[in-house]
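Structure record follows, encoded as structure tokens.
The values are calculated or read from the model by the stated rules, or taken from the named source; none is laboratory data. What you see is a predicted model; the values in this text were computed from it and never measured. Glycine gets a Cβ as well: all are built from the backbone with ideal geometry, and neighbour counts include every protein chain shown. Accessible surface areas use protein heavy atoms only, side chains included; no ligands, DNA or RNA. Shrake-Rupley method; radii C 1.70, N 1.55, O 1.52, S 1.80 Å.
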Amino acid sequence: MALSEIMRLLAVALTLAASLTPVGPLGELTGLAVQRVQVGDLVAAAKFGTTQPIDDPVREQQVLDTVRAKAVELELDPENAARFFRAQIEANKIVQRGLYARWTAHPEEVPQHRPDLATEVRPVLDRLTTGILAELKDTEGLRRPTLRCGIQAAVAERSAVVLHRLDRLHGDALAEAMRTVCS
């Protein structure tokens, strides 16, 4: 990518930084992925210092099965939707592992409130799942393994990092969350 194009994209991203939606046709989907990545903080706070593991294959399978069923209702490819949500789950685990390491090294940073997964966190994740599935449907025509999709995804992701002031941990998690968007 040429320096002038990068500068132009940066100018656009900074101009639009006042809005809460990342740039481009994948902006809404990326914004929802950001929210899901940020919920990883709540999941980590709920689990840290308990016997609940970061990796929960049974719960992950339940989420993926639900996603597949809802995808069929929306006339989306259920395996494509599940692949995207697998990336969301892995992104969430990146956040959890990163925060566990931070909190272990700096116990004074451990959140004082331990949210309840069932009543406080999962309803948020469920709402985000519904929104993400709707955006997967809305962007179905764009989300193909093409250069156009790759550029749109990169613009949306980079603008989201700037817009939401994501630190490295959350930026890395967002990159994982969006890894399959063009497949």
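Below are the figures for this structure:
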item: Count of residues meeting criterion [part of a helix (DSSP H, G or I), acidic (Asp, Glu) and either open to solvent by 30 Å² or more (accessible area, probe 1.4 Å) or closer than 17 Å to residue 114 by Cβ (or both)] in the stretch 40-80; result: 4
item: Checklist (1) open to solvent by less than 40 Å² (accessible area, probe 1.4 Å); (2) within 12 Å of residue 33 (Cα to Cα) applied to residue 179, failing item; result: (1)
item: Residue match in the stretch 105-116 (condition: surrounded by 14 or more Cβ atoms within 10 Å (Cβ to Cβ) and either hydroxyl-bearing (Ser, Thr, Tyr) or assigned to a helix (DSSP H, G or I) (or both)); result: no
item: Filtered residue count, the stretch 55-92, keeping only those that are touching a residue at least 40 places away in the same chain (Cβ under 8 Å) and out of contact with any Phe, Trp or Tyr (no Cβ under 7 Å at 6 or more places or on another chain); result: 17
item: Close pairs from the stretch 155-174: first without any contact (Cβ under 8 Å) to a residue 40 or more places away in the chain and of a type in the set (Val, Ile, Thr), partner buried (at least 20 other Cβ atoms within 10 Å of the Cβ) and assigned to a helix (DSSP H, G or I), Cβ under 8 Å, at least 6 apart; result: 161/174
item: Residue check, residue 144 more than 19 Å from residue 55 (Cβ to Cβ), in contact (Cβ under 8 Å) with a residue 24 or more places away in the chain and not in a helix (DSSP H, G or I); result: yes
